């Protein structure tokens, strides 16, 4: 026997491969496992995080002297947000908690989402994390990370001319 005998598309004997064999136990197991995972993801797929696919949407903008990061955290409160800077990484943690004080209420519709966010954003070199400042307004967290004087000095603006 040669290695090509195990490769389905290299077989010359016309024998069915594992994928098409109805009585092949491995193929049957694979089909059943695929079915289990498809059903699982179909059921989980209907649950939506308030931040889309489990990640808060963000913008990172470079100004003349700082890097500004804005992150959407709808429905969160300032007390539930933690921001840290470590070396060249910005980390934002937060949790939108469910607070129910109900007495036998019957829900007909519940579309509000709750959950935690953990976002790590790599920062460009030359950011002074010691002087970082953060503010939170209308569900948007804004973090201003000043650039070091050395990083600012390295930036050279190049004029673009017509033609």
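The values are calculated or read from the model by the stated rules, or taken from the named source; none is laboratory data. For clarity, every value in this text was computed on a predicted model and none was experimentally measured. All Cβ positions, even for glycine, are placed from backbone atoms using ideal geometry, and neighbour counts span all protein chains on display.
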Do we find a residue being under 27 Å from the mean Cα position of the chain (by Cα) and modelled with pLDDT of 80 or more anywhere in segment 101-115?
no
So, in segment 119-156, of the ones that are modelled with pLDDT of 90 or more and in contact with a helix residue (DSSP H, G or I) (Cβ under 8 Å, 6 or more places away or on another chain), which residue ends up farthest from residue 66 (Cα to Cα)?
136
Could you run through segment 32-56 and say how many residues are at pLDDT 70 or above and surrounded by 13 or more Cβ atoms within 10 Å (Cβ to Cβ)?
1
Select from segment 65-80 the residues that are over 18 Å from the mean Cα position of the chain (by Cα) and in a strand (DSSP E or B) and list them in ascending order.
66, 67, 68
